[in-house]
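> Pasting a structure here, questions to come.
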Amino acid sequence: TWALGIVLTKRLQAAQQTDLLAFSAWQALVGAAFAGILVALFPGREPHWTPTVLAALAYNALLVYGLMWILWFWVLEHLDAGIASLGTLIVPVVGMLASVALLGERPSPVEWTGSVLVVGALLITASVAARRGR
């Protein structure tokens, strides 16, 4: 679905001028409606609303989610979809390295191997793209 969304977004951006804020807002509305349907179908226990929970929700909804989508659509508008997608692949590696540095976590050999493979794939893909002149 991620790849389909990228392709459809690139086609929309090529076909017409799109307002990134409106595009992000509509996507959030559709996603929220779908999530609301799932909550109605599979209810859980009542949430415990505290100021901390509300602040965290507002922070994630507005800054993290909202800003992230606006920036992502901007990147898709200005870069090839394949190159833009490469940047998203490094995020888990950066997160793992940050957890090692900041939290003292010790990733397993499988996690280290996966990170090395991701970075290797990104380097290979970036070098091929550089040779093509992108």
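The values are calculated or read from the model by the stated rules, or taken from the named source; none is laboratory data. All values derive from a computational prediction rather than experimental measurement. Here the Cβ positions follow ideal geometry from the backbone for every residue, glycine too, while neighbour counts run over all protein chains shown. Side chains included, ligands, DNA and RNA excluded: accessible areas come from the protein's heavy atoms. Shrake-Rupley method; radii C 1.70, N 1.55, O 1.52, S 1.80 Å.
> Which of the DSSP-defined H helices in the chain satisfy a minimum axial length of 15 Å, computed from C-alpha atoms, and a minimum mean Kyte-Doolittle hydropathy of 0.0? Mind dumping the intermediate values first?
Values: long enough: 2-15 (20 Å, 0.83); 20-41 (32 Å, 2.00); 67-78 (17 Å, 1.28); 91-103 (17 Å, 2.38); 109-132 (34 Å, 1.05).
Helix filter hits for the chain: 2-15, 20-41, 67-78, 91-103, 109-132.
> Would you mind calculating the gained length between residue 60 and residue 2 on full extension (0.36 nm times residue separation, minus the Cα-Cα distance), in nm to one decimal?
Values: separation 58, 0.36 × 58 = 20.88 nm, distance 2.03 nm.
Full extension of this stretch gives 18.9 nm more.
> Okay, moving on. What residue among 94, 39, 75 shows peak mean-square fluctuation when the chain is described by a Gaussian network model with Cα springs under 10 Å?
Ranking 94, 39, 75 by mean-square fluctuation puts 39 first.
> Among 4, 97, 65, which residue has its Cα positioned farthest towards the positive end of the charge dipole of the chain, with +1 placed on the Cβ of Lys and Arg, -1 on the Cβ of Asp and Glu, and the dipole taken about the Cα centre?
4
> Tell me, in nm to one decimal, what length is gained between residue 40 and residue 117 on full extension, where the rule is 0.36 nm per residue of separation less the Cα-Cα distance? Could you put the intermediate results ahead of the total?
Details: separation 77, 0.36 × 77 = 27.72 nm, distance 4.06 nm.
Between residue 40 and residue 117, full extension yields 23.7 nm more.
> Given R₀ = 41 Å, FRET efficiency for residue 21-residue 106 by Cβ-Cβ distance, to 0.05? Kindly include the intermediate steps, with their values, before the conclusion.
Values: r = 42 Å, r/R0 = 1.02.
After rounding to 0.05, the efficiency reads 0.45.
> Might you tell me the accessible area per residue for the chain, computed with a 1.4 Å probe and given in Å²?
Details: 10100 Å² over 134 residues.
Per-residue value: 75 Å².
> Now for a separate question. Less than 14 Å Cβ to Cβ from residue 92, Lys/Arg counted +1 and Asp/Glu -1: what total charge do the surrounding residues give?
On the way: positive: none; negative: 105, 111.
Net local charge, residue 92 excluded: -2.
> Are there any GluC sites (Glu not before Pro) in the stretch 49-134 that are in a DSSP loop and have at most 16 other Cβ atoms within 10 Å? List them by number.
105
> Where does the chain land at 222 nm, in deg cm²/dmol rounded to the nearest 500, when only DSSP H runs of n ≥ 4 count, each adding -39500 (n - 2.57), divided by all residues? Write down the numbers at each step before the final one.
Numbers: 7 runs with 102 residues, N = 134.
-25000 deg cm²/dmol, from helical runs alone.
> Decide, for the stretch 4-134, between rounded, prolate and oblate: order the square roots of the alpha carbon gyration tensor eigenvalues as a ≥ b ≥ c, take rounded if a/c falls under 1.5, and otherwise choose prolate if a/b is larger than b/c, else oblate.
Working: a/c = 2.29, a/b = 1.16, b/c = 1.98.
Judged from the Cα gyration tensor, the stretch 4-134 comes out oblate (a/c at least 1.5, b/c at or above a/b).
> Of the accessible area of the chain, with the probe set at 1.4 angstrom, what percent is carbon plus sulfur? The partial results should precede the final answer.
Values: 7420 of 10100 Å².
Result for the chain: 73 percent of the exposed heavy-atom area is carbon or sulfur.
> Let me ask something else. Please say if the stretch 16-66 is rounded, prolate or oblate, where rounded means a/c under 1.5 for a ≥ b ≥ c the square roots of the C-alpha gyration tensor eigenvalues, and otherwise the choice is prolate for a/b larger than b/c and oblate otherwise?
Working: a/c = 5.36, a/b = 1.48, b/c = 3.61.
Oblate, since a/c reaches 1.5 and b/c is not below a/b.
> Quote to one decimal, in nm, the extra length available between residue 127 and residue 79 on full extension: 0.36 nm per residue of separation minus the C-alpha distance between them.
Numbers: separation 48, 0.36 × 48 = 17.28 nm, distance 1.61 nm.
The residue 127-residue 79 span can extend by a further 15.7 nm.
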